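These notes are about the structure you will find just below.
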Amino acid sequence: MTEPLFGSNLVAMVTPMEPGGALSEPGLTGLVDHLLTTGCDGIVVGGTTGESPTLTDAEAARLVRTVANLAGNSARVIAGVGTYDTTACVRRAKEAEAAGADALLLVCPYYSKPTQAGIVAHCLAVADATELPVMLYDVPARTGTAMEAATLIELARHPRIRAVKDAKGDLFEAMSVMARAPLAYYCGIDELNLPYLAAGATGLVSVVGNAFADRNAELIQAVRGGDLDTARAVNAALLPLADAFMRTSQGAIMAKAALTELGVIPHATVRLPLLESPPEHLLRLRDALAPVAAVA
């Protein structure tokens, strides 16, 4: 694994909000400081975990501008610009570039379920719209359509399409594409971080990293150093968190709840159709947080 263009220890950042739903500037400042302090070197802004479907164009650009100013040269800022509307994606990509993004995250168009040829045309249109490198986001559980291996290999021919956030979970396909195309792979499923890294992934785009990017950094370093015993131990410690974050209700909800529990952001506010965690979910989250927080 070479030093990557997008970073290696990336976090799919939540969007801190005030109780009324407005963006929280104090929350953003505290969260970005926390992410940088705990070893995050890439911040994905306005992705799914950032509640992208509820963000206006103005809010999305403001988030990129604010995080880019706060992060400076300490972390890459990757702006989520994907929707089901190619024209809207092109507009958001240009706005993200103007706001100071270092790269773009482009999800496979959702709901409309385009053909593979349509996915290629969509991605090329966005990649051609700016000078920024592009990370594709393959998450068929959300979009309804997977990016097939042949599609990824074809898209890799574009000079600015450089990486994939893989939330498909097909490790055999991921290894096959890595062997055939110059795409940096990033694991987008916290439960599978270790096997993806061991198979050659460049890094992670993690939801759990909102709370514990430092533990993800330990995992990455252990795998890079060939210390699989340490990697397995770190992974075992993180698995209960991955379960609590990703299998209790929904990632953005649980990540905000965790950050509030840890005192990083003041409020766990989410926008409808998401709802804040009920007490029974918070109890499960606290049980998972306690042993990791005690070591941190």
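The values are calculated or read from the model by the stated rules, or taken from the named source; none is laboratory data. Computed from a predicted structure; not experimentally measured. Neighbour counts run over all protein chains shown; Cβ positions are idealised from the backbone, glycine included. SASA here: full protein model, heavy atoms, side chains in, ligands and nucleic acids out. Shrake-Rupley method; radii C 1.70, N 1.55, O 1.52, S 1.80 Å.
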* **Residue among VAL44, VAL77 that alone is without any contact (Cβ under 8 Å) to a residue 60 or more places away in the chain and assigned to a strand (DSSP E or B)** => VAL77
* Quick one: is ALA268 under 21 Å from the mean Cα position of the chain (by Cα), in contact (Cβ under 8 Å) with a residue 24 or more places away in the chain and either closer than 21 Å to VAL44 by Cβ or open to solvent by 70 Å² or more (accessible area, probe 1.4 Å) (or both)? -> no
* To do: Would you be able to say whether some residue in the stretch 280-289 is within 19 Å of the chain's Cα centre (by Cα) and touching a residue at least 12 places away in the same chain (Cβ under 8 Å)?
  => no
* How about the stretch 65-80: which of its residues are within 18 Å of GLU95 (Cα to Cα) and open to solvent by 70 Å² or more (accessible area, probe 1.4 Å)? -> ARG65, ASN69, ARG76
* Of the conditions (1) open to solvent by 40 Å² or more (accessible area, probe 1.4 Å); (2) outside any loop (DSSP other than H, G, I, E, B), CYS123 fails just one. Which one is it? -> (1)
* To do: Give the stretch 179-198 a look and list any residue that's of a type outside the set (D, E, K, R) and either surrounded by fewer than 19 Cβ atoms within 10 Å (Cβ to Cβ) or assigned to a loop (DSSP other than H, G, I, E, B) (or both), or say none.
  => ALA179, ALA181, PRO182, LEU183, GLY188, ILE189, PRO195, ALA198
* To do: Could you check, for the stretch 258-268, whether at least one of its residues is charged (D, E, K, R) and assigned to a loop (DSSP other than H, G, I, E, B)?
  => no
* Residues within the stretch 147-192 that are among the charged types (D, E, K, R) and without any contact (Cβ under 8 Å) to a residue 40 or more places away in the chain, tallied -> 9
